[in-house]
Amino acid sequence: KMQGDKSLAIQSYYAALRGMKVCYGDKHTNVSSLLSNFGTFLQDIKEYEKALEMYKEVLKIESLRLGFNHHEVMVTMLNMALLEKSRGRYDESIALYEEILNIQKKRGFDRIGEPTLSLIAVASSCLAEVQEIIGDINGAIESLQQAITVRSHSLVQSHPDVGDVLRKLGTLYYRNHK
């Protein structure tokens, strides 16, 4: 198996980004999409600071273009929260997860579509993982219960996604309430 060249890959992303910005301008959808992909690549190769810069730029573009409570903005915030978790920066990760959930609570679950409901369930489950890491077991249980509520709101109880969250909750109970 041939090992990839990270520096050439990074140079290629920067060249693509320069070209996109010249062609479309700094705030275009294609630019934010490329920045997001670049951020994910940088996160994969553990260039966390650069990845966070990319995600922050995506967040700025999407917030201006779509509004701060748009689904795509929430996905970017979720990516940032996952990045912070990867770095062991749990307080920052929790703050981002909670911000996503608070924005969506203000909108009301009845007025949002399935993609956003899925995102809320994912954010709640991911928040629970971080809460468990830092020892906030009650918070983790509460977050998983919220994920189950959201998932059950949009899916049948027998759906695999509901089952997965229930499995996580059962595992958490078992590990921490012996």
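The values are calculated or read from the model by the stated rules, or taken from the named source; none is laboratory data. The structure presented is a predicted model; accordingly, all values stated were derived computationally and were not measured. Methodologically, a virtual Cβ is constructed for each residue, glycine included, from the backbone with ideal geometry; neighbour enumeration extends over all protein chains shown.
Considering (1) surrounded by fewer than 15 Cβ atoms within 10 Å (Cβ to Cβ); (2) modelled with pLDDT of 95 or more, the lone condition that Leu66 does not fulfil carries the number (2). Of all residues in segment 61-79, those that are more than 18 Å from Ala128 (Cβ to Cβ) and either outside any helix (DSSP H, G or I) or of a type in the set (A, V, I, L, M, F, W, C) (or both) total 9.
How many residues are within 30 Å of Arg89 (Cα to Cα), assigned to a helix (DSSP H, G or I) and β-branched (Val, Ile, Thr) if we restrict to segment 12-60? Summing the residues that are within 30 Å of Arg89 (Cα to Cα), assigned to a helix (DSSP H, G or I) and β-branched (Val, Ile, Thr) in segment 12-60 gives 4.
Residues are listed down the side, and each one gets a yes or a no for (1) hydrophobic (A, V, I, L, M, F, W, C); (2) closer than 23 Å to Gln146 by Cα; (3) surrounded by 15 or more Cβ atoms within 10 Å (Cβ to Cβ); (4) in contact (Cβ under 8 Å) with a residue 40 or more places away in the chain:
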position: Ser7; (1), (2), (3), (4): no, no, no, no
position: Met20; (1), (2), (3), (4): yes, no, yes, no
position: Tyr48; (1), (2), (3), (4): no, no, yes, no
position: Tyr55; (1), (2), (3), (4): no, no, yes, no
position: Lys60; (1), (2), (3), (4): no, no, yes, no
position: His70; (1), (2), (3), (4): no, yes, yes, no
position: Met80; (1), (2), (3), (4): yes, yes, yes, no
position: Gly88; (1), (2), (3), (4): no, no, no, no
position: Glu99; (1), (2), (3), (4): no, yes, yes, no
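Residue count for segment 21-59 satisfying the condition of being over 17 Å from Ser86 (Cα atoms) and among the aliphatic types (A, V, I, L, M): 6.
Does Ala123 meet the test of being in a helix (DSSP H, G or I), modelled with pLDDT under 95 and either under 11 Å from the mean Cα position of the chain (by Cα) or on the phi > 0 side of the Ramachandran plot (or both)? Against the criterion (in a helix (DSSP H, G or I), modelled with pLDDT under 95 and either under 11 Å from the mean Cα position of the chain (by Cα) or on the phi > 0 side of the Ramachandran plot (or both)), Ala123 qualifies. Quick one: Lys46 ticks every box in (1) at positive phi; (2) of a type in the set (D, E, K, R); (3) more than 20 Å from the chain's Cα centre (by Cα) except a single one, so which number is it? Lys46 satisfies every listed condition except (3).
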